[in-house]
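Read-outs throughout are calculated quantities, based only on the coordinates presented, and are distinct from any laboratory measurement. Everything numeric here is computed off the predicted structure, so don't read it as measured data. FYI the Cβ positions are ideal-geometry reconstructions off the backbone, even for glycines, and counts take in every protein chain you see.
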Ligand SMILES: [Zn+2]
């Protein structure tokens, strides 16, 4: 079975229906990819994930490497086994977090807020980033090669090439430099995957870690035998500059990775700038490979950007807002597919819900809405009861699945 198959191309736009086939199951695209940063979609059990028919989830390499660490992941046989996951998973490269950590560290130093505290980031250059775990002080090296090895151990079905996510605003000069670095790193990721003789004393210019710094097991066994197929996505960067985005798209697509991702978006730029970054590269995107958009998940953005050829979207938004007491409203969410853009969130913290015994969302058939009222959920949030986080996360992801259902039906009918 091919990794990606397109079953229908919309006659109206660049939208398409497809399937991504992995060892852990098939993903019908376009799909929304809920984020489970540390190997858990916060507040949900694996039974919830199955009930919701979540097709693909996202884990963050940086967080998993810091804790529980590669030793534990290797010992368990990957995140699927450790976290009892049975659905396909996608992992990022760690680049986004290591660079945001580096940036914060720089800001802290320049602002002299943290005094003489030892910097967490020890070194950052063409090779990658060396930093100390905020958890236990362990030295961790992120290079294209170690990122590939970390992701191999995590065992997600889809992996991202190591990239530098440029922050907003950035100059053209800096963005170009970061983009070129990302391109060089992509070549190294592809090369490393081919040779696949992973260890931690890689020819990166950094000294090998001593056994006392990293468990000895790391340098001997766990990276040698991938048990499942892992598909690499190259990442298009280039910030908010049209010429760089196009240049990056051409380069990344030409590397022939099984999939393509668009990164460095939704990092502080306006909605219009964010969407432009996708629209500029749309003509360069491959017709026979899946395209993922990193970190975008607002309803209007998804509806707009599937029409420019995006197949999968990951975002913390639906579960993050759920934990703050915000519930999506089905009819308003689905109306976006018909071009009606009205607000689709309600805030259960508001006092107007204190005595409101109506269901959370009258249009929704999820178990939260079948069993619980707005008044009860208002009570849970006012009392910071854990069940509130679970009930709203469940509901918001259920609504996201309905949105993606409607999007797929609309593409099939050439409405989108
Ligand atoms: Zn519901």
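Observations
- Spin-label pair residue 229/residue 373, simplified geometry with 7 Å Cα→Cβ offset, distance in nm: 5.2
- Sequence ranges 78-85, 306-313, 270-277, 155-162, ranked by mean other-Cβ count within 10 angstrom, highest first: 155-162, 306-313, 78-85, 270-277
- Taking label points 7 Å from Cα along the Cα-to-Cβ direction, residue 384 and residue 6 give a separation of 5.1 nm.
- 0 to 90° range, to nearest 10: angle between helix 271-281 axis and the chain longest Cα axis: 60
- Enclosed volume per residue, in Å³, of the convex hull spanned by Cα atoms of the stretch 267-342: 108
- The length gained on full extension between residue 26 and residue 324, counted as 0.36 nm times the residue separation minus their Cα-Cα distance, comes to 104.1 nm.
- Note: relative contact order over the chain, using C-alpha pairs below 8 Å and six or more positions apart, is 18 percent.
- Degrees separating the helix 172-195 axis from the principal Cα axis of the chain, which is the longest one: 80
- With all pairs of separate Cα atoms included, the stretch 317-416 yields a Kirkwood hydrodynamic radius of 13.8 Å.
- Between residue 177 and residue 123, the modelled labels are 1.9 nm apart [label points 7 Å from Cα along Cα→Cβ].
- Label zone of residue 191 (point 7 Å out along Cα→Cβ, amide N under 19 Å): in the stretch 249-264 this covers 251-258.
- If R0 equals 35 Å, the separation of the Cβ atoms of residue 351 and residue 134 corresponds to a calculated FRET efficiency of about 0.35.
- The mean of 1/r over all distinct Cα pairs in the stretch 357-416, once inverted, gives the Kirkwood hydrodynamic radius of 12.6 Å.
- Rounded to the nearest 10 degrees, the inclination of helix 242-254 to the longest alpha-carbon principal axis of the chain is 70 degrees.
- Restricted to Cα atoms, the chain shows a radius of gyration and a Dmax of 21.5, 64 angstrom.
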